Amino acid sequence: MAKKKKAYFGPGYIVSVVFAIIPFTNVLFGIITRITRGKILGALLNFFIAPLFYIIDLITIILKKDLTVLA
């Protein structure tokens with residue numbers, strides 16, 4: 001069984017949290033992650049309401065170690 005990648009392309013928990021804290025990488029990697037998972041609506045919403053997704057992605061990466069909202 002293939003190991004599922006977590007958060008931002010699977011680099012590890014600490015690196016993903018650092019990427020999530022930086023606003024530019026959070027938005028950019030959030031959009032790319034959602035597109036690669038096939039969630040185009042989530043990627044578009046992430047682009048247009050980035051401040052909301054910045055907070056949501058940061059919380060979900062810290063608590064669940066993965067993007068879970070629209071991803």
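For segment 28-46, which positions are farther than 11 Å from L58 by Cβ, part of a helix (DSSP H, G or I) and either in contact with a helix residue (DSSP H, G or I) (Cβ under 6 Å, 6 or more places away or on another chain) or not β-branched (V, I, T) (or both)? Within segment 28-46, L28, F29, I31, R34, I35, L41, G42, A43, L44, L45, N46 qualify. Scanning segment 51-71 for residues that are of a type in the set (A, V, I, L, M) and touching a helix residue (DSSP H, G or I) at 6+ places or on another chain (Cβ under 7 Å) yields L58, I61, I62, L67, V69, L70, A71. The single residue among A50, A43, A20 that is of a type in the set (A, V, I, L, M) and touching a Leu at 6+ places or on another chain (Cβ under 6 Å) turns out to be A20.
Residues are listed down the side, and each one gets a yes or a no for (1) touching a residue at least 40 places away in the same chain (Cβ under 8 Å); (2) among the small types (G, A, S):
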{"position": "G12", "(1), (2)": "no, yes"}
{"position": "S16", "(1), (2)": "yes, yes"}
{"position": "G30", "(1), (2)": "yes, yes"}
{"position": "L44", "(1), (2)": "no, no"}
{"position": "F53", "(1), (2)": "no, no"}
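Close contacts from segment 59-71, counting a first residue that is in contact (Cβ under 8 Å) with a residue 12 or more places away in the chain and under 15 Å from I31 (Cα atoms) and a second that is basic (K, R) and not in a loop (DSSP other than H, G, I, E, B), with Cβ to Cβ under 7 Å and a gap of 6+ residues or different chains, come to L70/R34; A71/R34.
We did not get these values from a lab; they are worked out from the coordinates using the rules stated. Since this is a predicted model, take the numbers as computed values, not measurements. Reconstructed Cβ throughout: ideal geometry from the backbone, glycine too, with neighbour counts over all protein chains shown.
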